[in-house]
1. Once you charge only the Cβ atoms, +1 for Lys and Arg and -1 for Asp and Glu, what is the size of the charge dipole of chain B about its Cα centre, to the nearest 20 debye?
2. Let me see the P(r) profile for region B:69-214: every Cα-Cα distance counted, bins of 5 Å, each bin given as a percent of all pairs.
3. Tell me which of B:188, B:64, B:49 sits at the most positive position along the dipole axis of chain B, charges placed on C-beta atoms (Lys, Arg +1; Asp, Glu -1).
4. May I ask for log10 I(q)/I(0) of chain A at q = 0.11, 0.18 Å⁻¹, from a Debye sum over the Cα atoms as equal point scatterers with solvent left out?
5. How are the alpha carbon pair distances in region A:35-99 distributed across 10 Å bins from zero to the largest one, expressed in percent?
6. Separation of region B:8-55 and region A:1-68 by C-alpha centroid, Å?
7. If I stretch the segment between residue A:6 and residue A:51 completely, what's the gain in nm (0.36 nm per residue apart, minus their alpha carbon distance), one decimal?
8. What residue among B:151, B:97, B:114 has its Cα farthest toward the positive end of the dipole of region B:3-214, where the charges are +1 on Lys, Arg and -1 on Asp, Glu, each on the Cβ?
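Read-outs: derived from the displayed coordinates by stated rules, not from any lab. Computed from a predicted model, the values in this text were never measured in an experiment. Don't worry about glycine lacking a Cβ; one is built from the backbone with ideal geometry, like all the others, and counts go over all protein chains shown.
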Amino acid sequence: MELTLQKTDKCSIVSIIGRLDTTNYSILEKKLMEMIDNREDRILVECSKMDYVSSSGLRILLMALKKITMAKGKFVLCGLQDNIHEIFEISGFTNIFEIHSDQEEALKVF
Amino acid sequence: MVRYVHYKDPCSEEITRVLESIPPCPGTCFFMDINRSTDMKYLGGLKDWGRKLNNTFNALLFANHFEKNILKGLGDEMMLFVPDEELFGKEANNHYFGLLEDIYASLFLIKNHPNQDIFLNCKVAIHYCTEVYNITFFENANDYYGSDIDLTARLMTKSIENRIVVSEKFYTKVKNDLITFNLPFNTGCLSGISEKFIENFKGVPTSTEFRVIDV
């Protein structure tokens, strides 16, 4: 898995590329927690190139959502592939995360 | 592949020959139990407990791609078995550490989901089995039998809601993975693993060592 970071005047964009699983979720965890601790609490996670996510990856996203919600920030996801969207649905995530089809749409909410 | 064992003659000599020729099928056995669903059946209707059981089974099985590894469901309890041969052939999560981390993450997600009305909390026991055989006594069924399967069921008696009981044998496998990945032994959910417990389970001739991870 690779992470790319981009800062705009509206939010920080974290793009996940590849497989987010038990061997690498800690990289995402470290990055997101570091951003939140540095008060970067408007985060868009771009997932169009994420082709696999395990429960360990979902756990990090839930932890980040909870932390940002407490900080009154905004945590948005976009570009989920169909197979990933299904996992989000099964996990009850589609009702708790703000999810947009692509980055352009997602950026409008910041 | 599962071997169907079915001989009508109780004194068949062939069954002995056949059973002796079946090799062990090492792998990881899980027992998972959904808590409080019996209470719920008295308190609420099918639409309530049925929905939560559906959601919880989905979160445990489909989100972890375990749906093909389920062997038995008895009420709210499930038995899963992942043979090593299959585990190592998987595209993802093809190691013991991955299995443990994802089970932990599932229990975490269920426990910490903001909507507490959709899932039910669970308890789990995990054991690495070497004394296990892929046989069935029932036509068209897949099953695994052996003393290590029975031991996994015994370990389940030590689990409680939001707890994973891991046998020392499975924990050793996980630690070997961490060495391979060059990760410390306190990685992920292992940061909260207990000291070793020793128990003499009924019917098991030797002591069993296990640890617990609370979610």
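1. Values: 22 positive and 29 negative charges, 117 e Å.
My answer is approximately 560 debye.
2. Calculated P(r), rounded to whole percents: 2, 8, 17, 21, 21, 17, 9, 4, 1, 0.
3. So the residue furthest toward the plus end is B:49.
4. Rounded to two decimals, the profile gives -0.28, -0.83.
5. Here the calculated profile for region A:35-99 is 21, 57, 22, 1.
6. That distance is 38 Å.
7. Values: separation 45, 0.36 × 45 = 16.20 nm, distance 2.03 nm.
So the extension gain works out to 14.2 nm.
8. It is B:114, whose Cα lies furthest towards the positive end.
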